[in-house]
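**Student:** Here it is, the structure, as structure tokens.
The values are calculated or read from the model by the stated rules, or taken from the named source; none is laboratory data. Keep in mind that this is a model prediction, so the values were computed, not measured. Cβ atoms come from the backbone with ideal geometry, glycine included; neighbour counts cover every protein chain shown.
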Amino acid sequence: MRILRHYTNVEAAARGAAIAIGNFDGMHRGHAAVISEAGRFAHDAGAPWAVLTFEPHPRRFFQPAIAPFRLTPFRVKARRLADLGVDYMVNLRFDSRIAGMEAEDFVHDVLVAGLGVRHVVVGPGFKFGKGRRGNDALMLRMAAEHGFGFTEVPAVRHGDAMCASTDIRDLIRRGLVDEAAARLGAPWEIEARVRPGAARGEAMGFPTANMAINRVLHPGPGIYAVRVGVAGRGGTVWHDGAAYIGARPTFAGDELLLEAHLFDFSGELYGQRLRVAFVERVRPDQAFDGPESLIAQMTDDCRRARQILDAAGPILNSPAAVT
């Protein structure tokens, strides 16, 4: 997959694409339906398959002080799009120029003159342009004027629940990562770099890979059954494990950390970027009266995490799609 960070002077092979437009934060089942519909049009027309999205997320641009909320940061989103087989990711910087662009100018300058789109696909309630004035009716009218196709994909439900990023964020903040995964279509992941820690876990027999998560969505504190993706020669290799999210109340900590213990693993992880896929919460966070009681609880947590992961089945080892 090629990543384009502009819409002017794009390579000839990228023009005339069937393109899905949206933030696609979460890449949930509803997003997958929109992106896949663009892929169907691309395949039928023999056209490039593209996705147009924005960085930073527009919400971050308009509310810079907002708490971390992203479900899928850029690297994760790019990898998943590549895994789907998308040809081009058009990743535009969301700045004051884009934010102030009238809806009609966005269609004319970006989609028509810049990308020469053949077909546009969006999700339900799609809004665009200055003041979010652009909508499906305006896009349909301009599609007819400029000679490209337009499709609005209806909302997707999973059981009785709507697949929406806002609801999925709420589930994750409450620790209900298994319910979030059902709407996402895959376990929710955090990707972060391992940094040196205090080595308390190793001293207690549970060595952990410590990662700061200040800039990503914060799951409900507690212990989780996880799968940890470590980069290998052939791509990502997944290892079962248990992870802790919290501020370590037993040790009077104050910084929120992700600490992942990989079962039956030996090797050096400092400095590596790990993928941590959350399968199910084992228990909420709690304080203990000393190391002995904490070790006993950690032993039980790991036992329960193994049971959860055995029942869930494996994540297939996957090749690295984006470097």
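**Student:** Just for segment 10-29: of the residues that are buried (at least 22 other Cβ atoms within 10 Å of the Cβ) and of a type in the set (Val, Ile, Thr), which one is nearest to the chain's Cα centre (by Cα)?
**Tutor:** Restricting to residues being buried (at least 22 other Cβ atoms within 10 Å of the Cβ) and of a type in the set (Val, Ile, Thr), the top hit is Ile21.
**Student:** Next question. Pick from segment 78-100 the residues that are at pLDDT 95 or above and of a type in the set (D, E, K, R): which of them is farthest from the chain's Cα centre (by Cα)?
**Tutor:** Result: Arg97.
**Student:** Next question. Taking segment 157-171 only, how many residues are more than 13 Å from Ala181 (Cα to Cα) and either part of a helix (DSSP H, G or I) or at pLDDT 95 or above (or both)?
**Tutor:** Of the residues in that region, 1 qualify.
**Student:** Filter segment 123-162 for residues that are farther than 29 Å from Ala45 by Cα and not charged (D, E, K, R) and give the result.
**Tutor:** Of everything in segment 123-162, those that are farther than 29 Å from Ala45 by Cα and not charged (D, E, K, R) turn out to be Gly131, His158, Gly159, Ala161, Met162.
**Student:** Can you confirm whether Ala143 is in the same structural domain as Gly26 (by TED's automatic domain parsing), of a type outside the set (Ser, Thr, Tyr) and either in contact with a His (Cβ under 9 Å, 6 or more places away or on another chain) or under 28 Å from Gly241 (Cβ atoms) (or both)?
**Tutor:** Judged against the criteria, Ala143 is a match.
Yes/no per residue for (1) among the polar types (S, T, N, Q); (2) exposed (fewer than 15 other Cβ atoms within 10 Å of the Cβ); (3) under 24 Å from the mean Cα position of the chain (by Cα):
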position	(1), (2), (3)
Thr72	yes, no, yes
Phe126	no, no, yes
Ala137	no, yes, no
Arg169	no, no, yes
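**Student:** Could you list, in sequence order, all residues of segment 7-65 that are farther than 22 Å from Met139 by Cβ and basic (Lys, Arg)?
**Tutor:** Arg29, Arg60
**Student:** Being touching a Ser or Thr at 6+ places or on another chain (Cβ under 7 Å), under 24 Å from Ala143 (Cα atoms) and surrounded by 15 or more Cβ atoms within 10 Å (Cβ to Cβ) narrows it down to one residue among Val110, Val121, Val90; which is it?
**Tutor:** Val121
**Student:** For segment 110-154, which residues satisfy the criterion of being among the β-branched types (Val, Ile, Thr) and in a loop (DSSP other than H, G, I, E, B)?
**Tutor:** Val117, Val153
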